[in-house]
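Take a look at the structure below.
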Amino acid sequence: MDTLRTTIELALRGDTPLLGGFGLEFAAISPPIWHETLLLEGTGDAKLTTLRSAADLGGEPVGEFRARLSEGDISRLLQRLARTDFEALGQGRAGLHDMQLSLSMVLGGSEHRWHLGGSQPQTRAAAQELLAELGRIKELVRQHPVATLDAQLQLGPVGRGDAAVNASVALRNAGTEGLWLPAPSSLAYDDEDAPYEGLLLRYGRQMPVRPNESPLPITYLTAPIDTRGMRDGRDGAPLRWLAAGGSDTVAGTALCTTGPGIYRFHVLYSTYAQPGSVAGRRRFRGCAISPDVVVEIP
C-alpha cells in the first residue's frame, strides 16, 4: 500500500498521465431494490446512477446524473485517498443484510478493490473521511440530472373505513434527455411474485406522541393504484415517452382501510423486472417515491 500512496501523491503533484488514467467506482447496493453507483475519472468526468433513494426520501429524483468536476474537487478527493488507511479498508466484510459498500480504483497501472460495509469498527473509522468526501461529490453530481424521475402525489377525499381513494400522480423528468416509462397499467403488482412492480399507494397512521416517550414507528400498508379506468388515449400501450424536462400525470384509485387519526400517504412508482434500455433507448428502472401527503381523518 506504500506504493499506492506514493502514486497518489504523484497524481496530486499534477502528473498528467496518472490523472488521465485515474478511475474510481463507488457502489452502495442492497439487493434487490437499492443500487447507487458513482463513477469518477481523473479528467473530472463524473456519473451517478441511482435506482431508489437510499433513505427512501420522498421527492428525491432517481436515475442518471453527470457532471464535470473541477481540478480542485479531484485534488481534494486525492488528498482524502492519500490519508486513508488502506490496510484497515482491506479488513471490511459485509453481512448478508448489510448495505454493501464497495470501492474500486485504477491508478498508475494497478487495480485496487475494497469492501467498506459491515460492522468492523476499524473499517468504519478508516473509511469515514473518504465516505464523507464521496458523499459531497455525489451531491455535486446530483445537481446535474441527465434522465431522472421524481413523483408528486395528489389525493382526493379520504374517508374512514374501506374506501376507494382517488390518486393523481405526476411523474417528472428533470433531465436533459428523455426516457421510456413502463405504463402503470402494464406493471403487475403481486405481494409475493412481483412485490416491487406497480404504481403503489403506501399509507400509515401516525401514532400520537406522548410526553417523555419516543414516537412509535409508522406501520405502512400498500395498495396498488388501479389506472385501468382512467384512459387518456395512450392507455393500453406498455410504454410512455417522457421527454427531457417533461412530465406525465397518471390517475387512478386505490382501496384503502383507515380509521380516525393522522395518516401519511406517499406513492411509489416502481419497476425492476425489465432492463434499463429498449432498442438502445433508456427505459426507467427503479423506484421514484413522492413526498408525504398528510391527511387527518376525523
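Every number here is computed from the coordinates shown, using simple stated rules; none is lab data. In this text, all values refer to a predicted model and were calculated from it rather than measured experimentally. So basically every Cβ, Gly included, is an ideal-geometry build from the backbone, and we count neighbours across all protein chains shown.
Eigenvalues of the alpha-carbon gyration tensor of the chain, scaled by 5 and square-rooted, set the equivalent ellipsoid semi-axes at 41, 24, 15 angstrom, largest first.
Summing Lys and Arg as +1 and Asp and Glu as -1 over all other residues whose Cβ lies under 13 Å from the Cβ of LEU140 gives a net charge of +3. Loop exposure criterion: GluC sites (Glu not before Pro), DSSP state outside H, G, I, E and B, at most 10 other Cβ atoms within 10 Å. Applied to the chain, the longest stretch between such sites is 1-191. Sequence-ordered 3J(HN,Hα) estimates for segment 14-19 from the Karplus curve with 6.51, -1.76 and 1.60 and θ = phi - 60° stand at x, 5, 4, x, 4, 5 Hz, glycine and proline given as x. Net charge of the neighbourhood of LEU69, taken over other residues with C-beta under 14 Å away and scored Lys/Arg +1, Asp/Glu -1, is +2. A full extension of the chain between ASP193 and GLU25 corresponds to an added length of 57.2 nm, given 0.36 nm per residue minus the alpha carbon distance. Spin-label model, ASP15 to ALA244: label points 7 Å out along the Cα-to-beta-carbon direction sit 3.9 nm apart. Across all directions, the average projected area of the convex hull around the alpha carbons of segment 157-217 is 8.1 nm².
Treating each Cα of segment 2-143 as one equal point scatterer and applying the Debye formula with no solvent, the log10 of I(q)/I(0) at q = 0.15, 0.19, 0.22 Å⁻¹ comes out as -0.76, -1.19, -1.48.
Between GLN206 and VAL278, the distance separating the two model label sites (each 7 Å from Cα on the Cα→Cβ line) works out to 3.8 nm. Charge tally around ARG160: other residues with Cβ under 13 Å, Lys/Arg +1 each, Asp/Glu -1 each, net -1.
Extent along the principal axes, Cα only, for segment 203-298: 58, 27, 25 Å, with the longest axis given first.
Backbone phi angles across segment 52-61, fed through the Karplus curve with coefficients 6.51, -1.76 and 1.60 (θ = phi - 60°), yield HN-Hα couplings of 7, 4, 4, 9, 6, 6, x, x, 7, x Hz in residue order; Gly and Pro are listed as x.
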